[in-house]
Amino acid sequence: MSKVSIKGLEKVYPNGFQAVHGIDLEIKDGEFMVFVGPSGCAKSTTLRMIAGLEEISRGSIVIGDRVVNDVQPKDRGIAMVFQNYALYPHMSVFDNMAFSLKMKKMDKSEIKKRVEEAATILELESVLDRKPKQLSGGQRQRVAVGRAIVRNPEVFLFDEPLSNLDAKLRVNMRVQLSQLHQKIGTTMIYVTHDQVEAMTMGDRICVMNLGKIMQVDTPLNLYHAPQNKFVAGFIGSPSMNLLEGEVIDNKESLHIKIGGIELALPEDKAKKIMDYVGKKVWFGCRPEYINLGAEESNDTVKGTIQVLEHMGNESYIHFDVLGNRFTSRIDSLDSKDLRVGREQIFQMDMDKCHIFDYSTEENISL
Amino acid sequence: MEKLKRNSLLGFGGLLVLLFMSPLYIVVTNSFKSQKGIVIDALGLPFGEYFRPENYIQAFEELRFVRSFINSLAITVSATVIIIIFASMAAWMLVRSKSKFSGVLFMVFAAAMLIPFQSVMLPLINLMGKLNMLHPVGLVFMYLGFGSSLSIILYHGFIKGIPKELEEAAVIDGCNTFQVFWYIVFPLLKPITVTVSILNAMWIWNDFLLPQLVINKPEWHTIPLRMFYFFGQYSKKWFLALPGLVIAMIPIVIFYIFMQKHIVKGVTQGSIK
């Protein structure tokens with residue numbers, strides 16, 4: 001086990017394109033850290049720099065107590081699981097798992113012991129003599145993990161390891177990887193673009209965009225207290241309703257005006273954004289905090305239902321209010337009587353809404 | 001309609017087989033005939049008064065078969081092995097290095113295939129003579145030069161399909177650049193290595209012109225060079241040349257049949273996804 005410390009990390013390609021812009025991050029001993037973000041946000045590049053597969057342009061990476069900037073990948077104490085497994089096709093499962101140990105010139109009996117131990121953990125004992133092409137997707141994935149386990153690394157690196165599996169297997173493997181982390185307790189860094197994976201697996205999540213860290217926090221904090229508009233919009237499915245608005249003071253209380261809609265802000269939120277009166281802001285409200293309302297008040301809107309999506313346990317209602325699109329998430333039983341095209345009153349839980357600075361996009365309502 | 005289509009295709013296929021097999025038939029049947037038998041009836045089967053199986057013994061002796069076979073084998077094997085090693089490594093680096101230089105270099109290799117051998121052979125022999133390279137080792141060196149272009153192009157196309165992550169995984173597993181190539185990349189090149197080795201071995205084994213220009217000592221002669229002794233200015237010993245041809249083609253045909261079995265498609269299947 002080892003902590004990983006990243007300071008001022010930058011990646012500039014020879015053509016001048018800067019992929020990573022000065023990342024600072026501390027990953028604790030035994031922590032499961034997830035890098036999440038949209039395609040091209042440099043999460044994989046950052047992971048590859050930790051692995052030593054990409055050169056570092058500026059900054060430093062410390063694994064344990066060692067600066068590893070100029071250390072060969074094999075000597076960094078890391079093991080990596082690739083998106084496409086990268087199993088050696090001409091070798092058996094046993095040889096795939098034993099390869100790194102053979103390269104270390106480890107004793108044959110020790111290699112056998114370690115491979116068999118890993119195979120037991122991952123339930124691969126019966127396929128040790130098979131070639132990768134004879135395995136199912138899930139088995140290949142487990143072999144890739146097994147190949148990492150036998151190295152007994154200080155840090156595991158996972159680069160979108162489940163993205164090639166079908167949905168059911170992905171859920172299964174997600175649980176297995178979480179259990180593996182609990183069992184061996186090694187520091188793990190996991191890259192994914194799937195926020196469900198991030199939310200369910202990570203002790204902490206590092207949300208990235210355009211080569212910068214947007215927020216590092218626990219899954220629940222990211223969800224309930226996003227520090228900026230990007231995190232608010234990226235985490236959560238369906239994503240948060242984010243609309244352009246203006247803070248207005250009608251003497252009784254602060255309101256937020258979105259197009260022709262006016263919504264009263266609760267006192268504690270109003271206090272925090274007092275300086276923004278008359279200014280443009282971003283208003284955010286998660287779909288589950290927009291419920292069906294009975295009568296109009298200062299926290300309701302009247303909208304026309306555009307699309308109804310029934311998911312079984314819940315329903316998503318996409319509705320329009322004076323040209324502004326909202327999404328609401330309600331219990332599916334409550335949506336039985338709703339029809340597309342019908343007008344409906346929706347009530348916002350304004351205590352749970354977020355206000356973001358218009359230009360910096362920082363959350364000003366926390 | 002379907003049946004007619006199938007039958008006409010079968011008929012056309014049969015004709016093609018006849019066309020391709022007829023030279024082999026003529027060589028093999030006439031190799032058992034005397035010179036007179038060949039001249040009188042080149043298409044007939046070797047029976048009767050013209051049947052002369054001892055052609056083979058005589059051809060074997062006049063070819064100095066053991067010696068020339070060893071020469072041919074040594075030159076073919078060493079040149080093919082060296083071409084495989086150099087071309088596979090060069091192609092790997094050309095694929096993995098994304099610099100403009102590697103692109104230009106690859107184009108140079110491709111362009112080199114367009115230059116006819118006859119246009120470079122005299123200056124080449126002149127130069128190699130000055131470098132004291134007119135011997136079998138020099139010949140192997142020249143084969144490397146002439147054989148690299150096509151081999152690199154073949155390897156280049158194949159290597160592009162090998163996922164880079166395999167090499168990165170090997171680097172993390174502790175391989176240096178050479179070990180990545182030798183333990184991971186080269187075994188995956190098996191199907192194309194078989195193709196490259198068949199193409200090069202057949203060409204080098206049968207090559208006449210380059211050895212004729214380079215090898216000037218009889219004890220270094222390859223089989224095709226010895227075959228030339230059957231064709232004089234005033235006489236052509238077909239009854240020896242044809243069994244000689246049969247003897248000469250047997251090793252390379254065996255090699256082809258053996259290697260063909262090793263062309264395994266989709267060897268990388270299962271490594272990814």
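The values are calculated or read from the model by the stated rules, or taken from the named source; none is laboratory data. Given the structure is predicted, the values throughout are model-derived calculations rather than measurements. As a convention, Cβ positions derive from the backbone with ideal geometry for all residues, glycine included, and neighbour counts pool all protein chains shown. Surface accessibility is based on the protein's heavy atoms, side chains included, excluding ligands, DNA and RNA. Shrake-Rupley method; radii C 1.70, N 1.55, O 1.52, S 1.80 Å.
Apart from one condition, A:R151 fits all of (1) open to solvent by less than 10 Å² (accessible area, probe 1.4 Å); (2) touching a residue at least 60 places away in the same chain (Cβ under 8 Å); (3) of a type outside the set (G, A, S); the exception is (1).
Kindly evaluate A:I61 against the criterion of being touching a Leu at 6+ places or on another chain (Cβ under 8 Å), within 13 Å of chain B (Cβ to nearest Cβ), of a type outside the set (D, E) and open to solvent by less than 10 Å² (accessible area, probe 1.4 Å).
Judged against the criteria, A:I61 is not a match.
Would you call A:T192 out of contact with any helix residue (DSSP H, G or I) (no Cβ under 8 Å at 6 or more places or on another chain) and either acidic (D, E) or buried (at least 23 other Cβ atoms within 10 Å of the Cβ) (or both)? Spell out the reasoning first.
Values: out of contact with any helix residue (DSSP H, G or I) (no Cβ under 8 Å at 6 or more places or on another chain): no; either acidic (D, E) or buried (at least 23 other Cβ atoms within 10 Å of the Cβ) (or both): yes.
So A:T192 does not fit the description; no.
Taking the numbered list (1) within 19 Å of A:T45 (Cβ to Cβ); (2) touching a Gly at 6+ places or on another chain (Cβ under 6 Å) in turn, A:A198 passes all entries but (2).
Look at B:G174 and say whether it is out of contact with any strand residue (DSSP E or B) (no Cβ under 9 Å at 6 or more places or on another chain) and either aromatic (F, W, Y) or not in a loop (DSSP other than H, G, I, E, B) (or both).
Details: out of contact with any strand residue (DSSP E or B) (no Cβ under 9 Å at 6 or more places or on another chain): yes; either aromatic (F, W, Y) or not in a loop (DSSP other than H, G, I, E, B) (or both): no.
No: the conditions fail for B:G174.
Of the numbered criteria (1) assigned to a strand (DSSP E or B); (2) surrounded by fewer than 17 Cβ atoms within 10 Å (Cβ to Cβ); (3) touching a helix residue (DSSP H, G or I) at 6+ places or on another chain (Cβ under 7 Å); (4) not hydroxyl-bearing (S, T, Y), the one A:G312 fails is (1).
Could you please let me know if A:K74 is basic (K, R), over 16 Å from A:T187 (Cα atoms) and within 14 Å of chain B (Cβ to nearest Cβ)? Yes: the conditions hold for A:K74. Here the condition is being β-branched (V, I, T) and within 13 Å of chain B (Cβ to nearest Cβ); of A:V115, A:V127, it holds for A:V127 alone.
The helices (runs of 4 or more DSSP H) found entirely in the stretch A:170-284 that carry 3 or more residues being farther than 30 Å from A:A19 by Cβ are A:267-272. Scan the stretch B:157-178 for residues that are open to solvent by less than 10 Å² (accessible area, probe 1.4 Å), more than 7 Å from every other protein chain (Cβ to nearest Cβ) and not β-branched (V, I, T) and the total you get is 1.
Residues in the stretch A:178-190: is at least one free of Cβ contacts under 8 Å to residues at least 24 places away in the same chain and over 13 Å from A:M80 (Cα atoms)?
Kept after step one, since they are free of Cβ contacts under 8 Å to residues at least 24 places away in the same chain, are these residues of the stretch A:178-190: A:179, A:182.
Among the residues that remain, those that are also over 13 Å from A:M80 (Cα atoms) are: A:179, A:182.
Within the stretch A:178-190 (the criterion being free of Cβ contacts under 8 Å to residues at least 24 places away in the same chain and over 13 Å from A:M80 (Cα atoms)), the answer is yes, since at least one residue qualifies.
Condition check ((1) surrounded by fewer than 20 Cβ atoms within 10 Å (Cβ to Cβ); (2) more than 28 Å from A:L180 (Cα to Cα); (3) touching a residue at least 24 places away in the same chain (Cβ under 8 Å); (4) within 14 Å of chain B (Cβ to nearest Cβ)) across all residues:
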{"site": "A:D24", "(1), (2), (3), (4)": "yes, no, yes, no"}
{"site": "A:M49", "(1), (2), (3), (4)": "no, no, yes, yes"}
{"site": "A:M97", "(1), (2), (3), (4)": "no, no, yes, yes"}
{"site": "A:M106", "(1), (2), (3), (4)": "yes, no, no, yes"}
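Every test in (1) within 14 Å of chain A (Cβ to nearest Cβ); (2) open to solvent by 10 Å² or more (accessible area, probe 1.4 Å); (3) touching a Ser or Thr at 6+ places or on another chain (Cβ under 9 Å) is passed by B:L189 save one, and that test is (2).
A single entry from A:A51, A:A98, A:A79 fulfils the requirement of being of a type in the set (A, V, I, L, M, F, W, C) and farther than 16 Å from B:V171 by Cβ: A:A98.
Return yes or no: is A:L169 modelled with pLDDT under 90 and within 14 Å of another protein chain (Cβ to nearest Cβ)? It is true that A:L169 is modelled with pLDDT under 90 and within 14 Å of another protein chain (Cβ to nearest Cβ). Being more than 22 Å from the chain's Cα centre (by Cα) and at positive phi is the requirement here; does A:A86 meet it? In short, yes.
Evaluation of A:K133 against the conditions (1) touching a Pro at 6+ places or on another chain (Cβ under 7 Å); (2) of a type outside the set (S, T, Y); (3) without any contact (Cβ under 8 Å) to a residue 24 or more places away in the chain shows that the sole unmet condition is (3).
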